[in-house]
Amino acid sequence: MVRLRLAACAALLLGAGCSLFLTTAEPSQCTTDRDCSANAALRDRICEEGFCVVPRAAVNQVSNDAGDGCVTTELCTQHNSGKASVCKKTGGPCTPWQTAQCPTIHGAWNAPNPLVVGVIQPYGVKQANGEIAPIAYAERIERAMKLGLDELTTAAPGGIPTGGGPARPVALLFCDSVFDATLANAAMTHLTDVVGSRTIIAGGDEDLAAIRQQAIDKQVAVVCSDCIAPFPAGPPVAWRIVPALAAEADMAAWRVADLETRILARSNPPSTVKVAVLATPDPGATAFVSALTAKLVFNGKSAVANGASYTVRTTEDPRKDAVNHVAHAEALAAFEPDVLVVAMGAELPARYLQLLESKWTSAKPKPFYLTTALAFELAPFVAPIGADDDLRKRISGTRPAFDPVMQANMDAYTTRYKLAYNYKPPDGNFSGYDAFYAMAYAVAASSTQPLLDGPHVSAGFERLRAGTAIDVGPEDLGLGLALLGTATSTVDLRGLVSNLSWDLATRDLVVPESGMYCFERDASGALVLRNDAGPRLNRVTGVVTGSYACD
């Protein structure tokens, strides 16, 4: 299914209460067509609303590089069918910013000298049959970033000071990688060479890997909103927003051992506990499975030593082959695991959970499901769990340990998001919001430096790790920008999904504790997501405190 795009950014911005064009401060060029003809540089143009413009019938016949050159960004955009096209210098070429690959732009892109943050992420994935399956999460991430941009624009209408100069208004330009390295590279080239972006948000591990060399060569600052795999070897390029998934392997191994104790305490325990893993083939899940396999201990021995009592099943890559969900479910049911660890997101409740339950024909009790932060979301589980409390109690998940500050930030954001988007829930798009705020504050922190480039913005991130506590969101924006506008102040930036405490050498996140989540019922009987199921693992000492409290 091909993802439908808006015909023009104008409709999107106007629908959001924003104007696509700003009134220019340029003097009127003409009152009649004769005024245009009197100027050799404007000959053969007609007078429209005080400007000499190329007749619409001839627009497609006029090159951007024609000797006449451009007049205003507004006129360039009109001639580009309403899509953003910039006149950087009167008499120069019109430069299209919105393209088929980069179709969505928000913010004051047409103000003089805007700061454009480029976003490269997949809005769809090309499947083996040639169809492009849309990725709804990408649209939610876009809305999260736009909400952050709107809040920044309200708090600082003039924008962010950069490079020791005046404030620059901020814009966001979104490009679609379709999970293709060539397209991700093309988007990076457009954003850096054509638009002039020096601040990029990458959507995930594969996009980051694709643009990595360009980021190094062009000295571009990169934040990755949803990178969960280990960073590529070599000099660090991006700042991570969510913890690497492999960091959850310790907590997952503990939970498997905890479940083994419960299984063996049954009146009719199995002679041998069996553990299976179901994972997607993406880099983050692959790294998690590798780390988990190295840490698991059950039946008194390692996962590898368990031999036939341990199995890993990796699904097909939908870009290369059709995913055979039924075959995976049947194979796992035939294996009869006592515990099934699942390293995937919404695919589990959407595609596998009911299949696995229905294919289970053994007299043996159905398995416990252990998920990860990839599946930390309520909505996809509501339908497959339904009223089945036995199934509900058999599902638990690992995640970074619960933090009341981050939870308060998340709750406040959720309220603002629903008000901004007609009461649609965020559905897990928190990392996009954190990514935008982290980049905006890093730019502000670099404002005392003489140049806006990757190294200076990266130095700005170093000023976000300690000092006055600043939470992402509109309430602290004014204070945060003011503090970072001085060369000596630092802040402790705190996000929605992580504490944004980076290791400066690796640009990875320092995650001190891992925790768990589960599903419960509220007083009305509705399914709810409990974000702190009790256990907490200190990742330095390896000690687990607290007990699982969702039975």
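The values are calculated or read from the model by the stated rules, or taken from the named source; none is laboratory data. Because the structure is a prediction, the values reported are computed rather than measured. Neighbour counts run over all protein chains shown; Cβ positions are idealised from the backbone, glycine included. Heads up: the accessible areas ignore ligands, DNA and RNA and are worked out on the full protein's heavy atoms, side chains in. Shrake-Rupley method; radii C 1.70, N 1.55, O 1.52, S 1.80 Å.
Values computed for the structure shown
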read-out: Breaking point among (1) hydroxyl-bearing (Ser, Thr, Tyr); (2) touching a Lys or Arg at 6+ places or on another chain (Cβ under 8 Å); (3) without any contact (Cβ under 8 Å) to a residue 40 or more places away in the chain, for residue 417; value: (3)
read-out: Subset of region 509-527 [over 10 Å from residue 400 (Cα atoms), out of contact with any Cys (no Cβ under 8 Å at 6 or more places or on another chain) and surrounded by 14 or more Cβ atoms within 10 Å (Cβ to Cβ)]; value: 509, 510, 527
read-out: Residues satisfying the stated conditions in region 528-551, i.e. surrounded by 11 or more Cβ atoms within 10 Å (Cβ to Cβ) and not in a strand (DSSP E or B); value: 531, 532, 533, 534, 535, 539, 546, 548, 549, 550
read-out: Among the candidates 153, 189, residue that is within 23 Å of residue 99 (Cβ to Cβ), open to solvent by 50 Å² or more (accessible area, probe 1.4 Å) and of a type in the set (Val, Ile, Thr); value: 189
read-out: Count of region 168-185 residues which are open to solvent by less than 50 Å² (accessible area, probe 1.4 Å) and farther than 18 Å from residue 223 by Cα; value: 3
read-out: For residue 255: the one exception among (1) in contact (Cβ under 8 Å) with a residue 60 or more places away in the chain; (2) under 21 Å from residue 141 (Cα atoms); value: (2)
read-out: Region 112-132, residues that are in contact with a Lys or Arg (Cβ under 8 Å, 6 or more places away or on another chain) and either on the phi < 0 side of the Ramachandran plot or open to solvent by less than 10 Å² (accessible area, probe 1.4 Å) (or both); value: 114, 115, 123, 124, 125, 126, 127, 128, 132
read-out: Among residues of region 361-384, those that are buried (at least 20 other Cβ atoms within 10 Å of the Cβ), among the aliphatic types (A, V, I, L, M) and in a helix (DSSP H, G or I), counted; value: 3
read-out: Residue within region 333-341 that is more than 21 Å from residue 263 (Cα to Cα) and crowded, with 19+ Cβ neighbours inside 10 Å present; value: no
read-out: Among residues of region 485-498, those that are more than 21 Å from the chain's Cα centre (by Cα) and crowded, with 20+ Cβ neighbours inside 10 Å, counted; value: 1
read-out: Where residue 256 falls short, out of the listed (1) of a type outside the set (Phe, Trp, Tyr); (2) open to solvent by 20 Å² or more (accessible area, probe 1.4 Å); (3) under 23 Å from residue 548 (Cα atoms); value: (2)
read-out: Qualifying positions in region 93-105 - open to solvent by 20 Å² or more (accessible area, probe 1.4 Å) and either over 16 Å from residue 187 (Cα atoms) or part of a loop (DSSP other than H, G, I, E, B) (or both); value: 93, 94, 99, 100, 101, 103
read-out: Residue 358 vs. criteria open to solvent by 10 Å² or more (accessible area, probe 1.4 Å) and at pLDDT below 95; value: no
read-out: Leading residue by the ranking (farthest from residue 451 (Cα to Cα)) among those in region 133-150 that are open to solvent by 50 Å² or more (accessible area, probe 1.4 Å) and of a type in the set (Asp, Glu); value: 139
read-out: Given (1) among the aliphatic types (A, V, I, L, M); (2) open to solvent by 30 Å² or more (accessible area, probe 1.4 Å); (3) within 20 Å of residue 431 (Cβ to Cβ); (4) not in a loop (DSSP other than H, G, I, E, B), number of the condition residue 482 does not satisfy; value: (3)
read-out: Condition check for residue 265: among the hydrophobic types (A, V, I, L, M, F, W, C), at pLDDT below 95 and open to solvent by 20 Å² or more (accessible area, probe 1.4 Å); value: no
read-out: Pair list, Cβ < 9 Å and 6+ apart or interchain, from region 440-468 residues that are under 19 Å from residue 170 (Cα atoms) to residues that are hydroxyl-bearing (Ser, Thr, Tyr) and part of a helix (DSSP H, G or I); value: 442/458; 446/458; 460/441; 461/441
read-out: Search result, residues across region 474-513 that are free of Cβ contacts under 8 Å to residues at least 40 places away in the same chain, closer than 30 Å to residue 398 by Cα and among the acidic types (Asp, Glu); value: 492, 503
read-out: Residues of region 211-239 that turn out to be free of Cβ contacts under 8 Å to residues at least 60 places away in the same chain, at negative phi and either under 16 Å from the mean Cα position of the chain (by Cα) or open to solvent by 40 Å² or more (accessible area, probe 1.4 Å) (or both), as a count; value: 9
read-out: Those residues of region 271-295 which are open to solvent by less than 10 Å² (accessible area, probe 1.4 Å) and either among the charged types (D, E, K, R) or not in a loop (DSSP other than H, G, I, E, B) (or both), in sequence order; value: 275, 276, 277, 278, 279, 284, 285, 288, 292
read-out: Matching residues, region 374-407, being within 20 Å of the chain's Cα centre (by Cα) and more than 18 Å from residue 258 (Cβ to Cβ); value: 374, 375, 376, 377, 378, 379, 380, 400, 406, 407
read-out: Residue check, residue 305 open to solvent by 70 Å² or more (accessible area, probe 1.4 Å) and either assigned to a helix (DSSP H, G or I) or within 20 Å of residue 372 (Cβ to Cβ) (or both); value: no
